[in-house]
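Everything on this sheet refers to the single structure shown next.
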Amino acid sequence: MIARIWHGWTTPENAGIYEDLLRKEIFPSIENKNIKGYRKISLLKRALGSEVEFITIMVFDSLDGVKEFVREDYEKSYVPQKARQILLRHDESSQHYEIINEIQYPD
């Protein structure tokens, strides 16, 4: 399994707008691509004073799924134009990590 991690920052005033864009447009458009081996996406957020940081963590079965998502240049970040207009800055590349252990505890 591969975790694809990306960071973006926006203003506190635009944080809600950006979060809505992710939830209502960007994440559903990713889901609708029906990428083989795509498992999930997680959204993390934290306030940093004059900025709000967002982190996305996508999980794929393998790098093949990542490459299907963003083509051969799989390290390049995926930031639609609408998102670029809201973000102050963002990672130009995504980081990829092999998930070597995952523990889930029962409720």
Residues that are surrounded by 11 or more Cβ atoms within 10 Å (Cβ to Cβ) and over 24 Å from Thr10 (Cα atoms), drawn from region 75-98: Tyr97
Selection count, region 93-107, where residues are closer than 17 Å to Ile55 by Cβ and over 12 Å from the mean Cα position of the chain (by Cα): 2
Matching residues, region 20-50, being crowded, with 16+ Cβ neighbours inside 10 Å and farther than 19 Å from Glu75 by Cα: Leu21, Leu22
Every residue from region 74-104 that is in contact (Cβ under 8 Å) with a residue 24 or more places away in the chain, acidic (Asp, Glu) and not in a strand (DSSP E or B): Asp91, Glu102
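We did not get these values from a lab; they are worked out from the coordinates using the rules stated. Please read these numbers as outputs of a predicted model, since none were measured by experiment. FYI the Cβ positions are ideal-geometry reconstructions off the backbone, even for glycines, and counts take in every protein chain you see.
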